[in-house]
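> Okay, handing you the structure first.
Please treat every number below as a calculation from the coordinates, not as lab data. Quantities reported herein were computed from a predicted structural model and do not represent experimental measurements. Glycine also receives a Cβ, built like all others from the backbone with ideal geometry; neighbour counts cover every protein chain displayed.
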Amino acid sequence: MNMATHTIKKQPKSTVELLVKVPWTEIQTAYKEAFDHLLTSFEYQGFRKGKVPRDIAEKNMSKDTIYGQLIRKLMPSLYEDIVKKEGLKPIMNPKLELVKAKENEEWEMK
């Protein structure tokens with residue numbers, strides 16, 4: 001269930017700006033899902049691809065890689081939900097900007 005909140009600000013040329021706030025609890029859930037997805041193809045010396053134990057992968061997988069996967073999966077889902085809820089009819093892909101993305105805090109994306 002999506003717990004993110006958003007605000008819409010109309011811009012010139014029929015453009016809208018969405019400010020999306022995502023609670024840390026939702027980021028944590030998405031982080032776990034991103035990690036689990038990456039774990040299926042993670043490689044580490046001495047283990048076959050996708051067979052690395054979770055504890056070893058947690059120590060050796062880059063958090064940047066996990067957060068990158070999280071954003072690639074979470075943002076389209078949030079965007080799609082907002083577009084449906086607000087009845088928007090976008091004609092092009094959105095431009096994404098992370099306004100605030102710190103661990104243990106609510107994230108903001110524009």
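> Stokes-Einstein at 10 °C, 1.306 mPa s, Kirkwood radius from Cα pairs: D for the chain in µm² s⁻¹?
102 µm²/s
> Multiply the residue separation of LYS21 and ASP55 by 0.36 nm, subtract the distance between their alpha-carbon atoms, and state the gained length in nm to one decimal.
Gain in length upon complete extension: 9.2 nm.
> For the stretch 55-110, run through the GluC sites (Glu not before Pro) and keep only the ones in DSSP coil with at most 16 other Cβ atoms within 10 Å of their Cβ.
Here the GluC sites (Glu not before Pro) that fit, given the DSSP loop and packing criteria, are GLU97, GLU103, GLU105, GLU106.
> Run the quick spin-label model on LEU96 and SER62: label points 7 Å from Cα toward the beta carbon, then report their separation in nm to one decimal.
My value for the distance between the label points is 1.7 nm.
> For VAL16, list long-range residues whose amide hydrogen, built 1.01 Å from N in the peptide plane, is under 5 Å from its own amide hydrogen.
Counting only residues 5 or more places away or on other chains, the set is GLN11.
> Given points 7 Å out from each Cα along the Cα-Cβ axis, report the GLN11 to PHE47 separation in nanometres with one decimal.
Using points 7 Å along Cα→Cβ, the separation is 4.2 nm.
> Just add up the charged neighbours of LYS95: K/R +1, D/E -1, any other residue whose Cβ is under 13 Å from the Cβ of LYS95.
-1
> Any idea what the dipole of the chain comes to, in debye rounded to 20, about its Cα centre with Lys/Arg Cβ at +1 and Asp/Glu Cβ at -1?
Dipole of the chain, to the nearest 20 debye: 340 debye.
> Any chance you could give the angle, 0 to 90 degrees and rounded to 10, that helix 63-86 forms with the longest Cα principal axis of the chain?
It works out to around 30 degrees.
> Okay, helix-only estimate at 222 nm for the chain: each DSSP H run of n ≥ 4 adds -39500 (n - 2.57), divide by all residues, round to 500 deg cm²/dmol; what do you get?
That comes out to -14000 deg cm²/dmol.
> A further question follows. Taking the stretch 43-104, which trypsin sites (Lys or Arg not before Pro) meet the DSSP loop condition and have no more than 15 other C-beta atoms within 10 Å?
Here the sparse-neighbourhood loop sites are ARG48, LYS49, LYS51, LYS95, LYS102.
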